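Notes follow the structure.
Nothing in this text is a laboratory measurement; each read-out follows from the coordinates by a stated rule. Bear in mind the structure is a predicted one, so any value in this text is a computation, not a measurement. Here the Cβ is made from the backbone with ideal geometry for all residues, glycine too, and neighbour counts use every protein chain on show.
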Amino acid sequence: MNAAVLAVGIFAVFALGYRYYARYLSTAIFALGDDDPVPSKEFEDGIDYVPTRKDVLWGHHFTSIAGAAPIVGPAIAVIWGWVPALLWVTIGTVMMGAVHDFSALVISLRHRGRSIGEIAGEVISPRVRTLFLIIVSFLIWIVLAVFAFIIGTLFTSYPGAIFPINIQIAVAMALGWLVYKRGISIPMPSFVAYGILILAVFQGNAFVEAFPWIANVTVSQWVVILLVYSFVASVLPVWLLLQPRDYLNAHQLVTGLVLLTGGLLVAQPQIVAPAINPNPEGAPPMIPFLFITIACGAISGFHGLVSSGTTSKQIGRATDAKAIGFGGMLGEGSLGMLAVLASTAGFATFADWQVHYSSWGAANGLGAKLSAFVDGGASFVAALGIPVEMASTFIATMVIAFAATSLDTGARIQRLVISELAEAYDFKPLQNRYVAGAVGISAALLLAVTQADGKGGLILWPLFGTTNQLVAGVTLLVVSVWLKRQGKPVVYTLVPMILVATATVFAMLGEVAGYFRHWEDQWLLAISGATILILDLWVVGEGLKVLRDATPPPARTA
């Protein structure tokens with residue numbers, strides 16, 4: 001099958017989804033208007049509530065939700081075949097993921113920029129607020145551990161990416177200072193900053209040759225370094241690092257998507273992987289695990305946390321939510337689609353593909369799956385005349401940069417969630433942003449060090465996927481209750497909620513059973529998974545009862 005033809009067809013589906021479905025939801029269901037009040041202007045504080053231009057915020061939101069998940073998930077899931085992976089990415093993105101992200105952003109705008117956990121307390125019950133915030137805290141805990149592990153793995157596999165990633169941090173902070181403290185318009189300095197980043201990519205391998213010891217830093221050591229960095233990033237003002245870095249990452253992502261798509265159209269490679277491979281060695285069952293392995297590439301609870309945790313506090317106009325929430329998810333779906341194609345059509349032969357996918361743990365697990373995307377994507381870019389080694393460094397830098405933005409955003413959201421829980425129970429120490437941030441990062445370090453070492457990260461990925469999708473289901477349930485009370489149709493959010501909740505509950509049951517079978521090595525995962533599952537079933541049960549009893553407002557009389 002020609003991969004280029006598939007890509008064009010899926011891009012067309014995404015374009016139609018945005019043109020018609022997003023517009024319908026924006027106008028007919030949520031009734032967004034340019035003059036609607038927005039939290040960023042009502043509660044502007046220069047730290048978290050900051051009115052932001054649509055293009056800048058789109059870059060921040062997109063790169064925060066993208067991370068490495070829409071690459072890692074599809075790159076793992078193609079082991080079951082490219083047909084189910086592409087179907088789920090396409091249908092899930094338009095009908096579920098984009099609806100979820102958009103609705104979470106809108107409901108937060110209508111509730112003073114509060115997080116979806118806090119909104120659950122108002123819409124369902126105060127007890128659900130606490131239970132949901134605990135589930136969210138578990139999710140972010142896993143996100144931080146997983147993405148630190150992913151970045152560490154890529155740094156050891158592609159050390160040439162270390163130099164440009166660190167240059168990006170320095171350049172982003174300089175960009176934030178110029179824009180917010182010197183009043184300089186962002187477009188021109190951002191392109192200069194991005195030019196510096198591209199030059200740094202060209203110097204990445206030279207940096208490793210000059211400082212060869214950097215290539216000997218282990219994955220575990222990188223995890224510690226990265227989590228310490230994410231703590232610092234989480235307590236800095238959002239304008240100093242988070243916003244400008246994500247804006248630069250948006251440039252990088254657009255460049256990467258253009259290069260990958262352009263190379264794909266030029267090379268027109270054939271897919272060498274099987275269309276359907278239902279029983280690969282050592283892998284869990286395709287159903288339901290396909291739906292939680294391709295997490296952020298189709299629907300993701302983490303996106304709702306970003307939408308309601310940071311993006312809603314920065315949006316400058318309510319109608320921007322369509323482009324940022326719905327459009328941002330379509331961009332992520334595009335990345336997920338390219339990840340599937342790079343991991344199936346980026347190889348010369350089926351034998352080459354099998355090196356990475358002959359079994360669930362082939363070629364040491366997660367590292368091989370990440371390499372499948374980086375090397376496969378580099379083969380697309382090479383069709384444009386760019387040297388393969390340079391293309392590999394650029395793509396590895398792109399993946400790491402996205403994962404780093406998830407670390408930054410995740411650490412900030414974790415800090416806010418811990419502070420919200422502390423405020424609810426009047427526990428003063430954890431209301432301090434430095435203490436809350438340190439507690440969140442320390443917990444993630446414990447998980448990464450004690451449960452993932454030596455397992456290639458695949459031990460953490462399914463738990464991330466299941467917890468992530470359970471949170472997505474609860475988010476859609478909260479939105480459904482709110483819509484019903486507004487007298488609006490709930491089918492557009494309730495049907496995706498039922499589908500994603502059903503698949504992930506069954507997946508979580510399988511995961512937890514497996515953790516308990518390996519209690520000695522996976523005791524923390526067993527306890528965490530069981531706790532998350534119980535809390536989720538409790539929240540969903542209460543939410544469905546409230547949804548059943550919810551009534552729309554009385555009709556107005558003339």
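Listed values, structure above:
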{"item": "Relative compactness, region 382-471, computed as alpha-carbon Rg over 2.2 N^0.38 Å", "result": "1.49"}
{"item": "Net charge of Cβ neighbours under 10 Å - reference residue 467; Lys, Arg +1; Asp, Glu -1", "result": "-2"}
{"item": "Sorted peptide list for 17-25, 84-92, 139-147, 70-78, criterion being average Cβ within 10 angstrom, highest first", "result": "70-78, 139-147, 84-92, 17-25"}
{"item": "Residue-count net charge about residue 25 - beta-carbon cut-off 13 Å; Lys, Arg +1, Asp, Glu -1", "result": "+3"}
{"item": "Relative contact order %, the chain, counting alpha carbon pairs below 8 Å whose residues are six or more apart", "result": "29 percent"}
{"item": "Footprinting exposure proxy for 518, 60, 111, 303 (fewest neighbouring C-beta atoms within 10 Å first)", "result": "518, 111, 60, 303"}
{"item": "Relative packing of peptides 275-285, 490-500 - highest average C-beta neighbours within 10 Å first", "result": "490-500, 275-285"}
{"item": "Length gained when the stretch residue 236-residue 54 is fully extended (0.36 nm per residue, less Cα-Cα span)", "result": "63.3 nm"}
{"item": "Kyte-Doolittle mean at least 0.0, axial Cα span of 30 Å or more - DSSP H helices of the chain", "result": "126-157, 242-267, 388-424, 461-485, 491-517, 519-549"}
{"item": "Principal axis dimensions, region 238-367 - Cα atoms, whole angstrom, descending", "result": "51, 36, 26"}
{"item": "Local electrostatic count at residue 130 - Lys and Arg +1, Asp and Glu -1, tallied over other residues with Cβ under 11 Å", "result": "0"}
{"item": "Too-long pairs where the Cα-Cα distance tops 30 Å, listed order kept, from 428/545; 41/181; 41/322; 369/545; 41/545", "result": "428/545; 369/545; 41/545"}
{"item": "Segments 389-400, 291-302, 262-273 sorted - mean Cβ within 10 Å per residue, highest first", "result": "291-302, 389-400, 262-273"}
{"item": "For region 300-394, alpha-carbon Rg and Dmax in angstrom", "result": "17.7, 52"}
{"item": "Length-normalised contact order for region 306-402 - Cα pairs under 8 Å, 6+ apart - percent", "result": "21 percent"}
{"item": "Kirkwood Rh in Å, taken over the chain so that all alpha-carbon pairs contribute", "result": "23.2 Å"}
{"item": "Sorted by Cβ density within 10 Å, fewest first, the residues 542, 520, 511, 332", "result": "520, 542, 511, 332"}
{"item": "Fewest-first ranking of 245, 517, using other Cβ atoms within 10 Å as the exposure measure", "result": "517, 245"}
{"item": "Sum of -39500 (n - 2.57) over DSSP H runs of 4+, divided by residues of the chain (222 nm, nearest 500)", "result": "-23000 deg cm²/dmol"}
